[in-house]
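The next block holds one structure in the form of structure tokens; read it before the comments.
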Amino acid sequence: MSSQPYAVNAKFSILPERREEFLKIIKEDQKQTLATEPGALRFVVGEDPKENNTFYLHEEYTSEEAFEAHGTTPHYGPWDKFTKSGPWAKGGEPVVGLFHGTHQLGDKEEVKSGYCVNAKVSIVPERREEFLNIIKEDQKLTLANEPGSIQFVVGEDKESTNTFYLFEQYENEEAFGAHGKAPHYAPWDAFVKTNPWSEGGEPVVGLYNTLE
């Protein structure tokens, strides 16, 4: 078994009239997943503060097998049925990224409120090692030095080489803003300004508040 978690980042938009139904189903799935699945480590759900009914997910499992087992559980059934009932707003169909995190497996985490980032980038091959060195150092120092940082996950798409996903969680939006002023953020900031992206691989970033 891999010593790194298997993770999911997702974004979708729900029809307004399906909002309450969605919230009831996803919160129950979140609750039961963390309570009953030994292979589930983290399940974060949040809403875009500027786009009502646009939601993000971040989930982590001990392995790809644990993730697949999640899809066979009884509490996953209502969510599976919901997704097949046409609940998406126009242009809001799910965009899902699957990846192996670079960090070591940790303990299961209870649901924590906060301000989160889901991001996707694709790097030109010749900048890969530079990217990995910079982002891993930023990850390490963010978690070590920023009291408002809760989690910082980096991983590569399971099928697309040099396509990476990020998940970051902070106690609040102010803590996220402070992160951008930290000394260890500067190399990343300088890197992104050098246009290291592959064609069509510019950053796609989602910011959201966790559901209460």
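No lab work stands behind these numbers, since they all come straight from the coordinates. This is a predicted model, so every value here is computed, not measured. Virtual Cβ from ideal backbone geometry, glycine too; neighbours counted across all protein chains shown.
Measuring spread by the Cα atoms of the chain yields a radius of gyration and Dmax of 17.0, 48 Å. The dipole here belongs to segment 5-71: it is taken about the Cα centre, uses +1 on the Cβ of Lys and Arg and -1 on the Cβ of Asp and Glu, and is about 240 debye. Its Cα gyration tensor gives segment 28-144 an equivalent ellipsoid; the semi-axes, largest first and in whole Å, are 27, 20, 15.
Estimated purely from DSSP H runs of n ≥ 4, each contributing -39500 (n - 2.57), the mean residue ellipticity at 222 nm for the chain is -9000 deg cm²/dmol once divided by its residues. Rg/Rh for segment 102-202 (Cα atoms only, Rh after Kirkwood) is 0.96. Checking every one of the trypsin sites (Lys or Arg not before Pro) in segment 75-151 against DSSP loop status and a limit of 11 other Cβ atoms within 10 Å picks out 84, 90.
Ranking 7, 88, 34 by Cα position along the charge dipole of the chain, where only Lys, Arg, Asp and Glu carry charges on their C-beta atoms, puts 88 farthest toward the positive end. Placing +1 on the Cβ of every Lys and Arg and -1 on the Cβ of every Asp and Glu, with no other charges, gives segment 81-129 a dipole of roughly 300 debye about its Cα centre.
For the chain, a simple Cβ point-charge model (Lys and Arg +1, Asp and Glu -1, everything else neutral) yields a dipole of about 260 debye relative to the Cα centre. Across the options 131, 198, 187, the greatest Cα extent toward the positive end of the charge dipole of the chain (unit charges at beta carbon of Lys, Arg, Asp, Glu) belongs to 198.
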